[in-house]
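Taking it in order: structure first as structure tokens, then the write-up.
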Amino acid sequence: MMTVYVFSAQLHALFDLVETKGAFLLPTLGKTKEQFFAYGQKMIFNSLAKEPLR
């Protein structure tokens, strides 16, 4: 259950980042919102899926 909360919090932070800094970040990175979100979601999921904490 904690993983769900962490994943949700990280996604929320990703959305906030695009809302507050997207006008600068997206053109600088040469990405659309959709591309940025897809990459961010993949990175978050991969970081959580690596190895469970004990």
* Asked: Where does the Debye-calculated log10 I(q)/I(0) of the chain sit at q = 0.27 Å⁻¹, using only Cα point scatterers of equal weight, no solvent?
  -> -1.05
* Structure fact -> Calculated from DSSP helices alone, with each H run of at least 4 adding -39500 (n - 2.57) and the total divided by the residues of the chain, [θ]222 nm to the nearest 500 comes to -29000 deg cm²/dmol
* Round to the nearest 10 and give me the degree value, 0 to 90, for the angle of helix 2-29's Cα axis relative to the longest principal axis of the chain. => 20 degrees
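Laboratory data are not the source of any read-out in this text; all were calculated from the coordinates shown. Worth saying up front: this structure is predicted, and the values here are computed from it rather than measured.
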